[in-house]
1. Tell me, which strands (runs of 3 or more DSSP E) wholly within the range 492-591 include 2 or more residues that are more than 16 Å from ligand 1 (Cβ to nearest atom) and in contact (Cβ under 8 Å) with a residue 24 or more places away in the chain?
2. If the Cβ limit is 6 Å and pairs must be 6+ apart or interchain, which residue in the range 262-275 that is under 15 Å from Leu177 (Cα atoms) and open to solvent by 20 Å² or more (accessible area, probe 1.4 Å) pairs with which residue that is part of a helix (DSSP H, G or I) and not charged (D, E, K, R)?
3. Going by what's in this entry, would Phe351 be described as crowded, with 18+ Cβ neighbours inside 10 Å and away from ligand 2 (no atom under 16 Å from the Cβ)?
4. Hey, any hits in the range 107-116 for a residue that's of a type in the set (Ser, Thr, Tyr) and either touching a strand residue (DSSP E or B) at 6+ places or on another chain (Cβ under 7 Å) or farther than 27 Å from Gly157 by Cα (or both)?
5. Residue by residue through the range 389-432, note down the ones that are within 16 Å of ligand 2 (Cβ to nearest atom) and farther than 21 Å from Tyr358 by Cβ.
6. Are any residues in the range 480-491 out of contact with any strand residue (DSSP E or B) (no Cβ under 9 Å at 6 or more places or on another chain) and outside any helix (DSSP H, G or I), and if so, which ones?
7. Does any residue of the range 566-588 turn out to be within 16 Å of ligand 2 (Cβ to nearest atom) and open to solvent by 10 Å² or more (accessible area, probe 1.4 Å)?
8. Taking the range 433-458 as the search range and keeping residues that are open to solvent by 20 Å² or more (accessible area, probe 1.4 Å) and polar (S, T, N, Q), which one is farthest from ligand 2 (Cβ to nearest atom)?
Amino acid sequence: MSRSIKSKNGEERYTTLQVLSRLAKYTFRPALFLPLIAAVIISGAVDITMPTIMGRAIDAIVGPGNVDFAYVLKAAVTMLIFYIVGAGMNYVFNMLSNKAANRAVRDIRRDAYDKLSVLPLKYYDTKAHGDIQSRFINDADMVGDGLVQGVAQLLSGIISIVGSLIFMLLLSPVVTLAVLVVTSITFLTASAITKMSNKYFRAQQALVGSLNGVAEELIHGAKTVKLFNYEKRSQQRFDKINGELNIIGRRAQFAGALTNPTTRFVNHLAYISVGVVGGAIAGISAGGISSFIVYSNLFAKPFNDLTSIATQIMTAIASARRIFEVIDETGAEEDAKDAVEAENVVGKVDFEDVNFSYEPSHPLIRDFSLNVEPGSTVAIVGPTGAGKTTIVNLLMRFYDIDSGAIKLDDIDIRSIKRESLRRSFGMVLQDSWLFEGTVRENIAYGREDASDEEIEAAAKFAHAHSFISRLEKGYDTYIGEGTTLSHGQMQLITIARTVLANPPVIILDEATSAIDTVTERRIQRAFEKMMQSRTSFVIAHRLSTIQRADVILVMNAGRVVEQGRHEELLEKKGLYFELYNSQYASEEETE
Ligand SMILES: Nc1ncnc2c1ncn2[C@@H]1O[C@H](COP(=O)(O)OP(=O)(O)O)[C@@H](O)[C@H]1O
Ligand SMILES: [Mg+2]
């Protein structure tokens, strides 16, 4: 799937050090970190002293005929206590590092969400939605995992390496040298194998990605796939990728399976060399040799894990980079310092020589002027892509105009606080937007303080009350995944919401285009009642509404090509006349 876009210069935007120090700021809290460090040091120290105690105990047993029972018992009890302390500290360490990481992830997500909610629509236009979502969800998780596992393992690995090296040197520098030589061999072979298997694993991941894409196409676009009889081709594509995945997958598994036996073999070589060098050359006791073997293991193991730890930390850093990009995104919507509240809006709207384009290379709205008196109805008609919705986007200030001015009650909308500007408008769109919650909560979305009576009154006004009452739980019916309300019913709920919010200006953008005629009639009546006392902008509506409109704007390719009342426009025999004949004439017959 190609839905994710790579940030072009994302890699250079922050250095690794910057990312790390920022992550540290999210993670570091003295109250959490001091105990965490203490726990990791104690549990590391326990692991490191254990082999020495064990070695001495072995020496106490091995001497034939003179086993020092008291010493062995003491050693056994000490070891037991140490194991308990070690396990306890390990638990504390895991718990605290999880806590620190979860907190950091929570805070990072919060900052990203805060930024996402103030970014203008323009940001969402230029970014793939899947990509934004994946930064927010997956990348945040990756950072958390990297912090918990990666950093934790790194810390305990370092303690293990340094500690065992010190103890080995104390026991015998010569044997330590032998261990170092053999460990280097292990490390080199392991990294060679890992390199090879990584190549295959990466290829495998890419293939899984494309396989996902094909499957997703089929799952989400099942209807379209069937409609165009695409099943066979889709199947063929799937089979091809699936087959490749099988081959690469087997190679990856083979290479992956090689790592463990090889490193084990070399590790065993290390044990033998410790035994030989230690016993024959350095003359160490049996107990000394056995502690050495454990130390060599403690010393070598973190090296084996090093590549996977490094990968995990690098992944976390890359993920953190991607989220920080979102958090640092500039151009958030901010109100001007002297912005005013829109109060007691009567609904006078003026467009003055407005110019606008989504992309500078494609000028869209050009020199658009319109004066709308309070309480009047403006109908906007025109072919798809003419710029009808764009006019609404500008009025709501979802996008800022390039030149000219838009005024609400004679105040430039750029000097009105966004929140109060948007509260002045009620919008009903083609796609009704309901959130997870009860019907009641959905209606009260714009006015959380509304009483049950007010909510019901609004629903009655919107002709939604009767169907809501017939729902199993009435107004307390939960709307969420798997709700089976029809499109028309959802639309009625959004209308009730708008009625309750009681805005001075309403905007209906293709609000009934996806609805059956019976429901449409009902919605139509609700709209007409709503429009009586308010300034309204209606786009692509029924003929009856357009005929009654105070002004009809006929748009084509971003320009208002005709403007006037129904009869005047028909007489012109221009685009409106054409549209009327092709779209509305048949509707009139059925009225
Ligand atoms: N967010 C956007 N970014 C870039 N171009 C857009 C965006 N929204 C709409 N357009 C383009 O602007 C033109 C007008 O679109 P729109 O106002 O939605 O038309 P209408 O509502 O009349 O069908 C179309 O060519 C459309 O492709
Ligand atoms: Mg539109």
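1. Those strands (runs of 3 or more DSSP E) span 505-509, 535-539.
2. Matching pairs, first to second residue: Leu269/Val182; Tyr271/Ile293; Ser273/Ala178; Ser273/Val182; Gly275/Ile289.
3. Against the criterion (crowded, with 18+ Cβ neighbours inside 10 Å and away from ligand 2 (no atom under 16 Å from the Cβ)), Phe351 qualifies.
4. Filtering the range 107-116 for residues of a type in the set (Ser, Thr, Tyr) gives 113.
With the extra rule that they be either touching a strand residue (DSSP E or B) at 6+ places or on another chain (Cβ under 7 Å) or farther than 27 Å from Gly157 by Cα (or both), the set shrinks to 113.
Yes, the range 107-116 has at least one match.
5. Of everything in the range 389-432, those that are within 16 Å of ligand 2 (Cβ to nearest atom) and farther than 21 Å from Tyr358 by Cβ turn out to be Val428, Ser432.
6. Glu481, Gly482, Thr483, Thr484, Ser486
7. Taking the range 566-588 and keeping what is within 16 Å of ligand 2 (Cβ to nearest atom), we get 579, 583.
This time we only want the ones that are open to solvent by 10 Å² or more (accessible area, probe 1.4 Å), so: 579, 583.
Yes, there is a match, as at least one residue in the range 566-588 is within 16 Å of ligand 2 (Cβ to nearest atom) and open to solvent by 10 Å² or more (accessible area, probe 1.4 Å).
8. Per the stated criteria, the residue is Ser451.
The values are calculated or read from the model by the stated rules, or taken from the named source; none is laboratory data. This one's a predicted model, so the numbers in the text were calculated from it and none came from an experiment. Note that each Cβ is placed from the backbone with ideal geometry, even for glycine, and that neighbours are counted across all protein chains shown. Calculation scope for accessible area: heavy atoms of the full protein, side chains included, ligands and nucleic acids excluded. Shrake-Rupley method; radii C 1.70, N 1.55, O 1.52, S 1.80 Å.
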